[in-house]
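Structure first, commentary second.
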Amino acid sequence: MERADKAVLRLAIGLALAVLLAYGLALPSPFVLCVMTVLLLSKPGPPMPLLKGLVVALLVAVVLAAGVLMVPLLEHYASVALLLTALLLYAVFFVGLQSGSPLANIVAIAFTLVPVAGVVDQALVPAISTAIALGMGVGVLVGSLSHALFPDEADSVTRSAPPAVAAHAARWRAAQATLVVMPVLVLALIHPAFYLSAIIKSVLLGQQAGSTGARSAGRVLVGSTLAGAGMATLAWFGLALLPTLWMLVLWMAAAALWSGARLFGLKASSLPPSFWSNALVTMLILLGPAIEDSVVGKDVGHASLVRVSLFIVLALYAWAVVWVLEGWRASRSLA
């Protein structure tokens with residue numbers, strides 16, 4: 001079995017277990033757990049050791065629970081809290097770019113998601129912290145077990161490790177990602193109706209925008225959003241035929257297999273790996289809230305259309321940030 005085959009199977013099995021755990025136990029915001037698992041398993045390189053991963057997941061949960069301390073600052077000194085959040089996000093993106101760790105996106109999502117959830121309802125903070133920690137735990141467990149049963153060759157593991165980004169490039173990309181996320185954070189504080197999925201999407205767009213140029217940014221950012229919307233639509237109509245938990249697990253695993261084959265290079269694709277990982281996560285953050293809306297009797301079609309429109313606007317904004325910053329850097333170089 002080739003390394004790419006094992007990576008695709010890890011992704012599919014991990015997402016299936018995350019869906020079974022999140023929706024089977026009826027956890028709050030179950031799609032958050034699924035997103036955390038995908039973020040861990042969609043990165044190249046060897047999986048995190050089991051004991052280390054579980055300890056990291058526990059530490060992240062404790063730190064996230066302490067994020068409720070940011071809530072009074074947001075409520076009474078919003079400008080100071082937003083500035084502090086922007087500095088923290090920049091530091092997280094910068095360290096993540098230089099280390100190549102998949103934890104960077106998870107921590108960035110947590111730094112923005114938990115305080116906003118606390119402003120809306122402080123009871124959501126422990127629920128979201130638990131979902132993030134469980135998602136990390138599932139990803140680490142599946143990765144470790146798969147690597148133990150089907151270990152990669154040493155040279156293959158070394159080649160697949162993501163390269164570190166130079167300090168000057170990491171500074172620009174971290175600033176770019178922060179500029180993409182911060183307006184969405186402000187919007188979430190004002191209109192929190194779709195804040196969960198919008199914040200996750202903005203962090204992914206910020207990270208994805210830094211790995212592409214202005215010429216291809218529109219095709220990658222908007223295209224992955226539309227691809228994720230198409231996958232979510234297909235899965236939704238499939239679930240309508242037989243709306244059971246096991247069918248949901250199978251549809252999610254099938255989506256992971258299809259996108260994972262292109263993500264890890266089993267199927268030839270002219271699009272970068274970030275396109276397919278972003279498309280898969282976009283499917284999760286569209287399908288998950290749609291399932292929750294159907295349970296409480298909301299208009300699923302209208303709410304989903306609003307979310308898709310919002311995501312497309314976010315993708316276009318991220319594209320505009322790439323254009324502006326690249327033009328500014330070019331003008332500075334000429335000067």
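Taking packing as the residue-averaged number of other Cβ atoms within 10 angstrom, the listed peptides 30-38, 226-234, 129-137 run from highest to lowest as 30-38, 129-137, 226-234. Given a 1.4 angstrom probe, I'd like the percentage of the accessible area of the chain that is carbon and sulfur, rounded to a whole number. The C+S portion of the solvent-accessible surface of the chain is 72 percent. Other residues lying with their Cβ under 10 Å from the Cβ of PHE275 contribute a combined charge of +2, Lys and Arg counting +1, Asp and Glu -1.
Pairs exceeding 23 Å between alpha-carbon atoms, taken from LYS6/LYS43; LYS201/LYS267; LYS6/LYS267; LYS43/LYS201: LYS201/LYS267. Taking every pair of distinct Cα atoms and averaging 1/r, then inverting, what Kirkwood hydrodynamic radius in Å comes out for the chain? Roughly 20.0 Å, rounded to one decimal. Sorting ASP293, ASP5, ASP299 on solvent-accessible area from highest to lowest, probe radius 1.4 Å, gives ASP299, ASP5, ASP293.
About its Cα centre, the dipole of the chain is roughly 720 debye, where the only charges are +1 on Lys and Arg Cβ and -1 on Asp and Glu Cβ.
Longest stretch of the chain clear of exposed loop sites (GluC sites (Glu not before Pro), DSSP loop, at most 14 other Cβ atoms within 10 Å, sites excluded): 154-335.
The residues of the range 209-300 have, on average, 45 Å² of accessible surface per residue, using a 1.4 Å probe with all protein chains present.
When each full DSSP H helix of the chain is screened for a Cα extent of at least 18 Å along its own axis and an average Kyte-Doolittle hydropathy of at least 0.0, the helices passing are 3-24, 50-65, 78-99, 103-120, 124-149, 167-190, 195-209, 214-241, 245-263, 273-296, 300-334. Per residue, the range 1-57 exposes 40 Å² of solvent-accessible protein surface, assessed with a 1.4 angstrom probe and all protein chains in place.
Using a ≥ b ≥ c from the Cα gyration tensor of the range 196-335 (square roots of the eigenvalues), is it rounded, prolate or oblate, where a/c under 1.5 gives rounded and otherwise the larger of a/b and b/c decides, a/b for prolate? Oblate, because a/c is 1.5 or more while a/b does not exceed b/c. Based on DSSP H segments of at least four residues, each scored -39500 (n - 2.57), the chain has a per-residue ellipticity at 222 nm of -28000 deg cm²/dmol.
The values are calculated or read from the model by the stated rules, or taken from the named source; none is laboratory data. No experiment lies behind these values; they were computed from the predicted model shown. Counting neighbours? That spans all protein chains shown, and the Cβs are built from the backbone with ideal geometry, glycine included. Note: accessible area is taken over every heavy atom of the protein model, side chains too, but ligands, DNA and RNA are not part of it. Shrake-Rupley method; radii C 1.70, N 1.55, O 1.52, S 1.80 Å.
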